[in-house]
Every structure is written in C-alpha cells, then in structure tokens.
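I have placed the structure first, in the form of structure tokens, so that the comments after it can refer back to it.
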Amino acid sequence: MMRKPFIAGNWKMNMTPTEGAAFAKKLRDALGQSDVRVLVAPPFVTIPSVIEVLRGSSIEVGAQNMSDQKSGAHTGEVSAAMLKDLGVKTVILGHSERRSIYGESDHFINDKVLLALSEGMEVILCIGETLSEREGGQLEAVLTTQVSEGLKGVAAEDMGRVTLAYEPVWAIGTGKTATPEDADSAHAFIRALVAKLYNEGVAEELIIQYGGSVKADNAKALLSKEHIDGALVGGASLSVEQFLPIVNFDK
Ligand code: PEP
C-alpha cells in the first residue's frame, strides 16, 4: 500500500495577509511539479490573500482551527461555512497549543472533528504526549485516549478525510526531534489502534504525519520510516528555503 506523502505547514500566528501572499508566490514559483501533497495553513485573516495567489496551483490552503458551533453568538470564532466559502477544505484540529494554551479537551476537539466532517471538510487531528507523560510511561495511554476520544462517532467511511498528526509536545518548537525509530514506533502504535477501532483497511490507508521540529536535515530520515507518511511543520514552514527541501525530501 502506497500512501501519498502529505506535508503541511502550520504558520501559527505568523504572516500578515500581505506577507502571506508574498510568501505563497515565492513558494509556488519554487515548488513546480510535486508528487507530494502540500498544504499551508495561514492564520484566518491571511487565508484569502494566500488562496488568491495559489489559485490554479497544487498547493492547498487549510485552516489552523475552527469553531465547534455552526453560527451565531460566538464572539471571536470562525465557522466551517466561512472557511468553505473561501475555498478551504482542510482544517487542523487539536493542535497542542490549542490544547495547552486554550484548554481544548478531547471532547471539545471531537465536537469540532464531527462538525468539520459533517460539513464535508477534511481534518488533520493532532495528538501527542508531553515529556512528563512520556517519562511516566504514559505514551500509549495518552495516544489511546486522544485517538479514541478525538475520533469518537467518526464513521469508517469518513476516515478517508482524516489525517492524524503525531506531535510529541516536547518536540514542538524546541529543536528536539523524536528519533525516526521512536516516532515510527508511536506511528505503528497509532495505526494498530485505528485498526482496532475501525479495520485493517482504514488503518492501512490512514495518513499519519509526524510533527515536532521537522527540518530539511531530518525530514528524509523521518519520512523514510514505514509508518511516517508526512509531516506537520511549524517553524521551518515559515521560510521557503527551509520548507521546500522538506517537501522535496525524496528528490
Ligand atoms: C507544529 O506546530 O505543528 C510544529 C510541529 O512546530 P515545529 O515544527 O516548529 O516544531
């Protein structure tokens, strides 16, 4: 089974609409043809200018978050319908910064996952343990909870629109990376879990991205592993010079 590599750039709270458009133009011109699925996730307000530049290009534009509600009195929130109206088809949910800084629970994230899927969108669901959880021997328990709660109520036939991103919290933005072996073994555990929750076919086709200080010089070693099908890239996605070699890891 060949899973098509999927590299996503999470810009976090960086890039104004003007900066994002300039960056997208530079990335588009540098990328050319690619066998890899590529997505950038700008801040909400930067999405329109980036979409405008990337129209007709193979680079997709996603969102970093969305509301758990459809519409109405939810000050400061952005709905699935608003994102879809812009042409956004994919949303990152449950990023560790959403969990740790903004208190998003597995239950709350699950509501968003179900809403995004019911709205016909694709989801990148982020999971991953903290350092103390890993050191306390809780890795498998944490992943089991985050996957089974995050995907609660998701039908097998909708799993083709779900990507999981394994992002050990201690490796995000720290310059520390899980070794390819440690990351691969976590990915294998996640895939086996999905086989148990769904079936072997769903698990075989599931794209599992690794995230946590992915850079040009470690991308190939990580992405060569059997169960690592892509990357969710933070810091290194903010520079074309750093992001492009990650996308081109296999060239
Ligand atoms: C992320 O925020 O998803 C991430 C992996 O960040 P970084 O690549 O900077 O560690």
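The values are calculated or read from the model by the stated rules, or taken from the named source; none is laboratory data. Fair warning: this is a prediction, and the values are worked out from it, not measured in the lab. No Cβ is skipped: glycine too gets one built from the backbone with ideal geometry, and neighbour counts run over all protein chains shown. These accessible areas exclude ligands, DNA and RNA; they are computed on the full protein's heavy atoms, side chains included. Shrake-Rupley method; radii C 1.70, N 1.55, O 1.52, S 1.80 Å.
For this structure, a couple of remarks:
- The peptide list 193-204, 230-241, 72-83, put in order of mean Cβ contacts within 10 Å with the highest first, becomes 230-241, 193-204, 72-83.
- For V40, the residues whose modelled amide H falls within less than 5 Å of its own, excluding neighbours fewer than 5 places apart on the same chain, are G9, E60, V61, G62.
- Note on A156 and S105: with the Förster distance fixed at 25 Å, the Cβ-Cβ geometry gives a FRET efficiency of about 0.55.
- The chain - percent of accessible surface contributed by carbon and sulfur, probe 1.4 Å: 53
- Here the Karplus relation 6.51 cos²θ - 1.76 cosθ + 1.60, evaluated at θ = phi - 60°, turns the backbone of the range 32-41 into coupling constants of x, 7, 9, 8, 9, 6, 10, 9, 10, 10 Hz, with x for every Gly and Pro.
- Rolling a 1.4 angstrom probe over the protein heavy atoms with all chains in place gives the chain an accessible area of 45 Å² per residue.
- 26 Å Cα-Cα reach of K220 towards lysines, excluding residues that sit fewer than 8 places from it in its own chain: K4, K12, K25, K26, K176, K251
- Fraction of the pair-distance distribution of the chain above 23 Å, Cα-Cα pairs, percent: 47
- Förster-model FRET efficiency, 41 Å R0, D217 and A192, C-beta, rounded to 0.05: 0.85
- Intensity falloff of the range 203-251 expressed as log10 I(q)/I(0), Debye formula with alpha-carbon point scatterers, at q = 0.31 Å⁻¹: -1.22
- Where L131, L125 fall by accessible area, highest first, once all protein chains stay in place (1.4 Å): L131, L125
- Residues whose amide H comes within less than 5 Å of that of L93, counting only those at least five positions distant or on another chain, are I124, L125, C126 (H built at 1.01 Å from N in the peptide plane).
- Relative contact order, percent, the range 81-251 [alpha-carbon distance under 8 Å, six or more residues apart]: 18
- Set against the 2.2 N^0.38 Å expectation for a compact globular protein, the range 83-206 has a Cα radius of gyration ratio of 1.04.
- Gap separating the Cα centres of the range 153-191 and the range 36-113, nearest whole Å: 19
- Note, ³J(HN,Hα) from phi for the range 5-17, Karplus 6.51, -1.76, 1.60, rounded to Hz, x at Gly and Pro: x, 10, 10, 10, x, 9, 6, 6, 8, 10, 5, 5, x
- Rounded to whole Hz, the Karplus (6.51, -1.76, 1.60) HN-Hα couplings of the range 138-150, x for glycine and proline: 9, 3, 5, 5, 5, 5, 4, 5, 5, 6, 6, 6, x
- Backbone amide hydrogens, once placed in the peptide plane, bring A231 within less than 5 Å of F6, I7, A8, Y210, excluding anything fewer than 5 places away on its chain.
- Using the Cβ of L143 as centre and a radius below 10 Å, the other residues enclosed give a net charge of -3, where K and R count +1 and D and E count -1.
- Environment charge at M82 (Cβ cut-off 15 Å; Lys +1, Arg +1, Asp -1, Glu -1): 0
- Spin-label model distance (nm) - E204 vs K176, 7 Å beyond Cα toward Cβ: 3.7
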